[in-house]
1. I'm told residue 9 meets every condition in (1) at positive phi; (2) at pLDDT 95 or above except one. Can you identify the failing condition by its number?
2. Would you tally the residues in the stretch 23-39 being within 20 Å of residue 10 (Cα to Cα) and out of contact with any Asp or Glu (no Cβ under 8 Å at 6 or more places or on another chain)?
3. Any residue in the stretch 32-44 that is farther than 20 Å from residue 64 by Cα sitting within a Cβ distance under 8 Å of a residue that is among the small types (Gly, Ala, Ser)? List the pairs, counting only those 6 or more apart or interchain.
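The values are calculated or read from the model by the stated rules, or taken from the named source; none is laboratory data. Bear in mind the structure is a predicted one, so any value in this text is a computation, not a measurement. Note that we place each Cβ from the backbone using ideal geometry, even for glycine, and neighbour counts take in every protein chain shown.
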Amino acid sequence: MKLKLNGTDSEITDGITVTGLLETLKIEPGRVAVEVNLHIVKKCDYDAHTLKDGDSVEIVNFVGGG
């Protein structure tokens, strides 16, 4: 299926969850926020939130500093 991932068209496995997407991309779920179609997905919902063809996904990394 096709997703827009951080503004770039991407091909991803059908029926993948947010957790599965993060695993595929080798991204640690605890260090990011995920937005799907302009709605933030709660971390507790990553396993249950299945992505659909045409979804727009933004993954934002947290950066520490001071």
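1. Every condition holds for residue 9 apart from (1).
2. Residues in the stretch 23-39 being within 20 Å of residue 10 (Cα to Cα) and out of contact with any Asp or Glu (no Cβ under 8 Å at 6 or more places or on another chain): 11 in total.
3. 36/56; 37/56; 38/56; 40/33
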